[in-house]
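Written below as structure tokens is the structure these notes are about.
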Amino acid sequence: MPSIELHEVTKRFADVVAINNVSAVIDDGEYVCVLGPTGSGKSTLLRLISGLVNPDGGEIKIDGTGVNEIPPEHRNTALMPQNYALFPHMTAWENVAYGPTSRGVDPGEITARVSTLLKTVRLQDWANAYPSQLSGGMQQRIALVRSLASGAKILLLDEPLGALDARLRLDLRRYLKHFAKEFGLTVVHVTHDQSEAISIADRIMLLRHGRIEQEGTPRAVYFTPGTLFAASFVGDRVLMEGVVRAVHGETVTVEVEKAGEIRARARGLREGELTVVAVRCESLQLAHHAADGLNRLSGRVAEIRPLGSYFRYTVELHNGNRVYSHVPALNALGNNLHVGSDVHVCFATQDALSYKYPERGLAKEVEAF
Amino acid sequence: MLSTRRRLLGFLGSLSSIRWVSLSVYGISVGYFLLLILGPATLGILSGLGSINQVIGDQALMSRALSAVFASFVLATSVSVLDILAGLPLAWLIVRKKGILLSILDALVDLPLVIPTVTLGFSVLLFWSSEGPLGFLGLPPLAPGWILVVLLHFSFSYPVVVRVLVGKMLELNLVYETAARTLGATPFTAARTVTIPLFSSGIVASFLLAFARSMSETGATIMVAGAFENGPIFIRNALNAGLEGPLVVTSIALTVISLVVFYAIKVLEVHFRLPFRRANVDLEKRLSRGLVPEVGAIAIVAVLLFFVIFPALSLSLRYAPATFSQQISTQILSGSGIWQDFWSGVVLSYSIGLLVTGINLVFSIPMAILISRGRFGKTVSTIFDSLSSVPIVIPSVALGVSMVFFWKNLAIPEFWLIVLAHLSITYPYLVATLVSALNDIPIHLEETARTLGADPFTTFSTITLPLARYSLLSGAILTFTRSVDETGATLAVSSTMQTVPVLLVNWVKNPFPGSELAVGIGTSVLLLTSVVILLVLKTLSREKRVA
């Protein structure tokens, strides 16, 4: 049975349309990441599902029942806001016990539930600490089990990892997913971090200006973004402007000014049209000699930065544009490229996606600085 | 017992989830405000609109009215500014520097609030007369006039400001101030750049309360005004001369001015930034170093003692020793003679005070939530926010007259008439403190509680109320003390019943042998009782302080 359904839901705040005619279905036990830039309506979506705000139009259903008129406390959807909202005047124990106490659960049952949950997140020794005495990670875990203790089967997480340090963030990504599956939860997890969404989600919903731009498995969203915006937002990509010179079925030949011609996948583009070609940085290979069957642009290495498991090479093309290639660290160590080396940037046609040039300009469309 | 309570709370909680129930709770609190608070306070005055020709037609009376209104405005503004300037450091001292001495100061601050205004005027007059410290120093006494009026207004509005500021500061997280300190700010700079801006809402709330109190106070001002005439005194003088027109004109003018000031300050609050210009950090460094803080603290305490506490207490202090004489203390305790009236007055005053505090707490909380959480939109909030302050800006003497007029045809028992008058006068204090406290509670805490399964009532009682309890207590103290010491309006509505302030006024007005002594002693007894009540309240509320 589907857990959460949105039918043409719209929410306005004064003149701003925060959620614009959104329809979506989130299945029972599914882990959905809602991804999008700031102001795309992500948090509003969570507040609509939890009942903190009511839609101006459309209907929300939970477990098949319309909930538009149902107040938050009867929806069984625990919301965990960005800063966790632990109650500062209550201990960790009291915070976790808050939900079941409010719902009138039997005191013995509450004690059992809270102590079990505190043990699962290994915070049983901190039961009597106040939130101000807990670290960020601890607070996050308390907020998590507090949501669970309330009996909610739907967990709404608003940037749950946003306030944590990088290392902890990676650990907790895995933990969150594991936690959700272990307790059979349906999770809607809001984030602006695409790598977080890709690594956790069963399904990603990319939100923009209050609409769903694209949805699908992380793999689909990552490898075949449906729009230029999706391509620029998910994954590190190089964007190149050019003109369509020829159309051959599913592929096109694009002339990139002063840099040569390349082949890319495209649908619905016509000859002579302006286009933007997007290629993931890790699909750009660097070579002294070009291999056959690949697209090739020439340039010079401008900068090399080791970033852990891969190196980021900045290559300045002959037309003055810069592209970035992510090279696995092992390959980078043996490729004999230095700053100043002449190099070919190569990539397969199937890794290059060509989109219609946006009417309002490239920078505006991808919301770059 | 416990399970009965749980069941009751559960029942209230499930009720609060029902939309029409919560709507009607708001509806009732709005109705309560309009019918019992605002209506009686204003309609009586408005119904006298016909009499304004008395003033408009009379050039001399008109110019008197104008200068009286102007005097009220200047007086209220300057006193409130002084209050804030002197109140901030004291509030900071009380909250941040703990210690027995400061606890005592904290309790002392409330004293002027429980002294009936008429006796307060009397006491201030006495303090600055040749029998006070001025005489002791060989200086000429202060004659009744504007200087004494300023001193008097300072002494009764300062406690209000400190009470509200302390309540707000207790709810303020120390972490921001500490952060500022580690970033290199001296204590003085940290206070100015971080602490003070963070509770600008508290400053605004207390400024407005002080302003309103000064605009409307009548009973005590009369005692020290001399030839000085501000709005309320003008009204009183005109009433004595049998003219009603000045009451209508002046009340309306004062109310309009106050509302404009309130609104302007609320708008400015958003853009309010200290410093107005680049601050002199070096100066602040010097101010934070060495003996300066200690000297500053001593100066502030001296201001409190010499301009507030001693003037307010001089009457009691003077006659307190007499209380211990065998004969008099027997008389007082046995309640014989005039003391019988006194004790029944005490019982009456405190019963009314408790009743008024209780009733107003119940009805003003939904109103405060409505205003601060914008339940029915921003405009509705702003309107109610402004309207709720109306009863304290109307001169108390005019308010009393308005009340009598409003209720006179309804044959309301006198006791309830007094209660109604006090409800009107105290309501704004409670709403103002509650609104400013609610504004400081992050709304996401309440929202999260809701999604965890807490209905609106449970959310309120487990999250909102505990987080706002210092302010709630401040509001309750202000309400209670204001009711116990209320004189002007009570005089207007009562005929046979005598609350303690009314009794003391009667003693002052109709002197008998030893009446001055009796007034002094009466005030002392009232003070002592109130102090005990306040201390108990405070201890109770501080018992469970969160780490």
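A few points about this structure:
- Residues that are assigned to a helix (DSSP H, G or I) and among the aliphatic types (A, V, I, L, M), drawn from region A:171-195: A:L172, A:L176, A:A180
- From the options B:S474, B:S483, B:S461, B:S494, residue that is at pLDDT below 85 and closer than 30 Å to B:R373 by Cα: B:S474
- Which numbered condition B:S386 misses (of (1) surrounded by fewer than 22 Cβ atoms within 10 Å (Cβ to Cβ); (2) modelled with pLDDT of 85 or more): (2)
- Residue ranges of helices (runs of 4 or more DSSP H) in region B:1-119 with at least 1 members within 14 Å of chain A (Cβ to nearest Cβ): B:2-17, B:19-32
- Scanning region A:214-237 for residues that are at pLDDT below 90 and of a type in the set (D, E, K, R) yields A:D236, A:R237.
- Condition check for B:I441: more than 21 Å from the chain's Cα centre (by Cα) and surrounded by fewer than 16 Cβ atoms within 10 Å (Cβ to Cβ): no
- Filter pass, B:L170 being within 14 Å of another protein chain (Cβ to nearest Cβ), modelled with pLDDT of 75 or more and either within 23 Å of B:L113 (Cα to Cα) or surrounded by 19 or more Cβ atoms within 10 Å (Cβ to Cβ) (or both): yes
- Filter result (crowded, with 19+ Cβ neighbours inside 10 Å and of a type outside the set (G, A, S)) within region A:204-214: A:I204, A:M205, A:L206, A:L207, A:R208, A:I212, A:E213, A:Q214
- From the list A:V17, A:V34, A:V22, A:V9, the lone residue that is part of a strand (DSSP E or B), modelled with pLDDT under 90 and more than 10 Å from chain B (Cβ to nearest Cβ) is A:V17.
- Matching residues in region A:55-89 - criterion: being in contact with a strand residue (DSSP E or B) (Cβ under 8 Å, 6 or more places away or on another chain) and of a type in the set (S, T, N, Q): A:N68, A:N76, A:T77, A:Q82
- Cβ-Cβ under 7 Å pairs, at least 6 apart or on other chains, region B:440-466 side at the interface with chain A (Cβ under 7 Å from one of its Cβ atoms), far side in a loop (DSSP other than H, G, I, E, B) and among the hydroxyl-bearing types (S, T, Y): B:L452/A:S150; B:G453/A:S150
- Taking region A:38-73 as the range and being touching an Asp or Glu at 6+ places or on another chain (Cβ under 6 Å) and within 30 Å of A:G235 (Cβ to Cβ) as the test, the residues that pass are A:S43, A:L46.
- For A:L134, the conditions (1) at pLDDT below 90; (2) crowded, with 17+ Cβ neighbours inside 10 Å; (3) within 13 Å of chain B (Cβ to nearest Cβ) all hold with the exception of (1).
- Filtered residue count, region A:37-59, keeping only those that are within 14 Å of chain B (Cβ to nearest Cβ) and in contact with a helix residue (DSSP H, G or I) (Cβ under 7 Å, 6 or more places away or on another chain): 4
- A:L117 vs. criteria farther than 19 Å from A:G99 by Cα, over 22 Å from the mean Cα position of the chain (by Cα) and either modelled with pLDDT of 90 or more or within 14 Å of another protein chain (Cβ to nearest Cβ) (or both): no
- The number of residues in region A:141-170 that are within 12 Å of chain B (Cβ to nearest Cβ), outside any strand (DSSP E or B) and farther than 18 Å from A:P131 by Cα comes to 3.
- Here region A:259-301 is the region considered, the condition is being of a type in the set (K, R) and more than 26 Å from the chain's Cα centre (by Cα), and the residue that is farthest from A:E241 (Cα to Cα) is A:R300.
- When restricted to residues that are in a loop (DSSP other than H, G, I, E, B) and not aliphatic (A, V, I, L, M), region A:199-235 contains 9.
- Among residues of region A:60-77, those that are under 20 Å from A:R203 (Cβ atoms), within 12 Å of chain B (Cβ to nearest Cβ) and outside any strand (DSSP E or B), counted: 0
- Wholly within region B:353-419, helices (runs of 4 or more DSSP H) carrying at least 1 residues that are touching a residue at least 40 places away in the same chain (Cβ under 8 Å) and closer than 16 Å to B:V25 by Cα: B:378-387
- Helices (runs of 4 or more DSSP H) enclosed by region B:176-261 - at least 1 residues per element that are in contact with a Leu (Cβ under 9 Å, 6 or more places away or on another chain) and within 18 Å of B:Q54 (Cβ to Cβ): B:231-240
- Selection status of A:T91, free of Cβ contacts under 8 Å to residues at least 40 places away in the same chain, within 12 Å of chain B (Cβ to nearest Cβ), closer than 23 Å to A:P72 by Cα and crowded, with 19+ Cβ neighbours inside 10 Å: no
- Conditions (1) surrounded by fewer than 20 Cβ atoms within 10 Å (Cβ to Cβ); (2) more than 20 Å from A:V96 (Cα to Cα); (3) in contact with a Ser or Thr (Cβ under 9 Å, 6 or more places away or on another chain): number failed by A:F179: (2)
- Whichever residue in region A:95-109 is of a type in the set (G, A, S) and more than 9 Å from chain B (Cβ to nearest Cβ) and, among such residues, is farthest from B:L9 (Cα to Cα): A:G108
- Test: residue in region B:498-519 that is within 14 Å of chain A (Cβ to nearest Cβ) and part of a helix (DSSP H, G or I): no
- Residue in region A:61-77 that is in contact with a Pro (Cβ under 9 Å, 6 or more places away or on another chain) and surrounded by 20 or more Cβ atoms within 10 Å (Cβ to Cβ) present: yes
- Among the residues of region B:479-519, those that are buried (at least 24 other Cβ atoms within 10 Å of the Cβ) and not aliphatic (A, V, I, L, M) comprise B:T479, B:F480, B:T481, B:R482, B:S483, B:D485, B:E486, B:T487, B:G488, B:T490, B:T499, B:P501.
- Residues within region A:114-158 that are touching a residue at least 60 places away in the same chain (Cβ under 8 Å) and among the hydroxyl-bearing types (S, T, Y), tallied: 2
- Within region B:76-110, considering residues that are under 27 Å from B:V519 (Cβ atoms) and buried (at least 20 other Cβ atoms within 10 Å of the Cβ), the one modelled with the lowest pLDDT: B:D110
The values are calculated or read from the model by the stated rules, or taken from the named source; none is laboratory data. A quick note: this is a predicted structure, and the numbers were derived from the prediction, not measured. Because the Cβ atoms are built from the backbone with ideal geometry, glycine has one as well, and the counts that use them run over all protein chains shown.
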